Amino acid sequence: MRTFLKYFFTAYVLAVALVVGIAGFRGSKSTKPPLEVFPDMDRQPKLRPQTTTKFAAWSDGQTSRPHPAGTVSRESNWEDNAFNTGRQAGTVVEVMPLEVTAAVLKRGQERYSIYCQPCHGVVGDGKGITSKYGMGNTASLHQERLIKTPDGDIFNTIGNGKNTMMGYASAIPVADRWAVVAYVRTLQLSRLASESEIPAAILPTIK
């Protein structure tokens, strides 16, 4: 029994000393770094701006780096740019601010096939594969209302969605959204074009 009490009091004294040693000086001032059991990443190795570094990837040795390509300053007029938002001075643009080329149409067709075709269909009639699974009421792109809709409005719908359609801004970059708009106009024109507008080399193949 005496041996047990001896070990018990020894362990008790050590435990008290440990607690006092760790927590007993809490709140006291010191110039030394505190003892932290869980530092929680309070102090991380990092480079200070406007200083130099020996990091091999930066040959100029400067810690302040140029802005990465594609970043936009908060002070820029990004939001008042027709190409970025489909609006100019707060008004939806009627015509896309992008030159329509064969490459743009090809890109638009690719993006349309991935993101739009499942609902709007191959030819834009609103009869995509989703209509076979009860997900109906998809708008036909050949409606007179959508034919007369400004290009900027279609651009905004692609990015932000409308009614039951979700927005695809996170999946389709700005330039690709305009490419999709160009391809949608091509689908509409395929039903509206007159015979005189069809190139002579193609006309015999569709008669």
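Checking the stated criteria, Gly86 turns out not to satisfy the condition of being at pLDDT below 95, under 21 Å from Tyr168 (Cα atoms) and more than 25 Å from the chain's Cα centre (by Cα).
Here is the figure for the stretch 56-97: residues that are out of contact with any Asp or Glu (no Cβ under 9 Å at 6 or more places or on another chain) and on the phi < 0 side of the Ramachandran plot total 28.
Any residue at all in the stretch 131-141 that's without any contact (Cβ under 8 Å) to a residue 40 or more places away in the chain, in contact with a Pro (Cβ under 6 Å, 6 or more places away or on another chain) and farther than 19 Å from Met96 by Cβ? No, the conditions are met nowhere in the stretch 131-141. In the stretch 127-207, counting only helices (runs of 4 or more DSSP H) that sit wholly within it, the ones holding 1 or more residues that are in contact with a His (Cβ under 8 Å, 6 or more places away or on another chain) and crowded, with 17+ Cβ neighbours inside 10 Å span 174-192. No other residue among Ser190, Ser196 is over 22 Å from Phe83 (Cβ atoms) and either without any contact (Cβ under 8 Å) to a residue 40 or more places away in the chain or in contact with a Leu (Cβ under 9 Å, 6 or more places away or on another chain) (or both) apart from Ser196.
The values are calculated or read from the model by the stated rules, or taken from the named source; none is laboratory data. Remember, predicted model here, so these are calculated numbers, not experimental data. Virtual Cβ from ideal backbone geometry, glycine too; neighbours counted across all protein chains shown.
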